[in-house]
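These notes are about the structure you will find just below.
The values are calculated or read from the model by the stated rules, or taken from the named source; none is laboratory data. Everything numeric in this text was worked out from a predicted model, so none of it was measured. Quick reminder, even Gly has a Cβ in these numbers, built from the backbone with ideal geometry, and neighbours come from all protein chains shown. To get the accessible areas, we keep the full protein, side chains included, count just its heavy atoms, and leave off ligands, DNA and RNA. Shrake-Rupley method; radii C 1.70, N 1.55, O 1.52, S 1.80 Å.
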Amino acid sequence: TFYIKKACVKLGLYYEKNYQLIDAFYYDNKTFKIAVSSKDTLRAGKSLLRMANMQTSLGDYSGSKITAIDGIKYIKKTKDIRTLSGLYHSISVANRLQDNYTEALKYNAKALSLGKDSLSIQKIRIKNILIFKNTQALILENQKKYTEAITIFKKILANPAIKKDQNEYARVLNNLGYTLFLKDNKSKESKKMMYKSLEIREQSKDTEGVFASHIDMTNYFLKTDKARALEHANIAYQTAKKLKSLTYILEALGLIFELKEDVQQEAIEYHTTQL
């Protein structure tokens, strides 16, 4: 049983790395069932966290919250505050994507509150704390509280720890740039930040990050330069297909429909994807 569980964990990681989330979910679910039968509450909770995150990536936000809440029940029996904070964060992200901002902030606060001192921050890891703060700023941005969001993004970027992870640095830099644009669409700073972020993401081969950058760049040019906006939307669409994410594909196609006159081919693909 021990080795079967270990093999399932590795297969789950393998398929996730290859953006085959349904297969990854299958093996994580198998790991979870073995963990429950062997009374390994720690592994059960960790598997549920991975499954919740995958459900969010697949667009199943309600399912993600149910899975994460189930994970909390198992992890609370352990002393693993890193996984517990991750589960709270997962619920926060799912709520944000459903526009439930009050609940999103509530669970974001729960995740951040676990890092109450230097020892707990060390257990959770500073990188994860900064990810939680990035989510907090995104929720505020969604609520159009741009000044508050910008302040948080700038504080994250000023933290030396963020520069150790280029993908996270690029994510926050892009978020700051895009929020500056939302606050003032004439901001010269914002475009520079977003293109710098895209450059870093391309160099580090962060495919998901590249997709996010092109989506934001599409929205940046949406009302001022439709040709450039369409160029970014097309790249986002091709990147989404590499990621095999139905949610991302539909998001990119939605922008292409808004920008392109002849969308016959895209409409066929949209219909196929929906089915």
### Task
List, in order, the whole-Hz ³J(HN,Hα) value for each residue of region 100-117 obtained from phi through the Karplus relation with A = 6.51, B = -1.76, C = 1.60 and θ = phi - 60°; use x for Gly and Pro.
8, 5, 5, 5, 4, 5, 4, 6, 5, 5, 5, 5, 5, 5, 6, x, 7, 8
### Task
Using only the alpha-carbon atoms of region 1-113, report the extent along each of the three principal axes, biggest first, to the nearest angstrom.
42, 31, 18
### Task
Starting from the Cα of LYS260, draw a straight line to each of the aspartates and glutamates and keep only those under 20 Å, dropping any in the same chain fewer than 8 residues away.
ASP216, ASP225, GLU231, GLU251, GLU269
### Summary
For the chain, averaging the sequence separation of alpha carbon pairs under 8 Å that lie six or more residues apart and dividing by its residue count, the contact order in percent is 10 percent
### Task
Could you please state how large a percent of the accessible area of the chain is carbon and sulfur, counting protein chains only and using a 1.4 Å probe?
53 percent
### Query
trypsin sites (Lys or Arg not before Pro), restricted to region 166-270: which are DSSP loop and have at most 12 other Cβ atoms within 10 Å?
LYS186, LYS205, LYS223
### Query
Can you work out the FRET efficiency for the pair ILE121 and ALA227, with r the C-beta to C-beta distance and R0 = 35 Å, to the nearest 0.05?
0.15
#### Entry: Two-decimal log10 I(q)/I(0) for region 37-169, as the Debye equation yields it once each C-alpha is a single scatterer, q = 0.13, 0.20, 0.23 Å⁻¹
-0.54, -1.20, -1.40
### Summary
By the Cα gyration tensor axes a ≥ b ≥ c (a/c under 1.5 gives rounded; else a/b larger than b/c gives prolate, otherwise oblate), the shape of region 201-253 is oblate
## Note on the structure
Hydrodynamic calc, the chain: Kirkwood Rh from Cα pairs, then Stokes-Einstein at 37 °C with viscosity 0.692 mPa s, so D in µm² s⁻¹ is 166 µm²/s
### Message
With bins 5 Å wide starting at 0, give me the P(r) of region 110-155 over every alpha carbon pair, in whole percents.
### Response
6, 24, 26, 19, 15, 8, 2
### Message
Please check: in the Gaussian network model of the chain (C-alpha springs, under 10 Å), which one of LEU230, LEU11, LEU119 has the largest mean-square fluctuation.
### Response
LEU119
### Message
Positive end of the dipole of the chain, charges at C-beta (+1 Lys, Arg; -1 Asp, Glu), about the Cα centre: which of TYR19, ALA68, LEU230 has its Cα farthest in that direction?
### Response
ALA68
### Query
Helix 81-97 versus the longest principal axis of the chain: what angle, 0 to 90°, nearest 10, using Cα atoms?
40 degrees
### Query
What does the accessible area per residue of the chain come to in Å², with a 1.4 Å probe and no ligands, DNA or RNA counted?
54 Å²
### Task
Would you mind classifying region 68-129 by shape? Square roots of the alpha carbon gyration tensor eigenvalues, ordered a ≥ b ≥ c; an a/c under 1.5 is rounded, otherwise it is prolate if a/b is larger than b/c and oblate if not.
oblate
### Task
Any chance you could check the Cα centroid distance between region 1-33 and region 191-247 for me, in angstrom?
30 Å
### Message
From the mean inverse distance of alpha carbon pairs (Kirkwood) and the Cα radius of gyration, derive Rg over Rh for region 133-179.
### Response
0.96
### Query
If you place +1 on the Cβ of every Lys and Arg and -1 on the Cβ of every Asp and Glu, how big does the dipole about the Cα centre of region 63-110 come out, in debye to the nearest 20?
260 debye
### Query
Under 17 Å from the Cα of LYS106, which lysines turn up, not counting those fewer than eight places away in the same chain?
LYS65, LYS116, LYS133, LYS145
### Query
Mind ordering 246-255, 23-32 by average Cβ neighbours within 10 Å, highest first?
23-32, 246-255
### Message
Placing unit charges on C-beta atoms (Lys and Arg positive, Asp and Glu negative, everything else neutral), compute the dipole magnitude of the chain about its Cα centre in debye, rounded to 20.
### Response
1480 debye
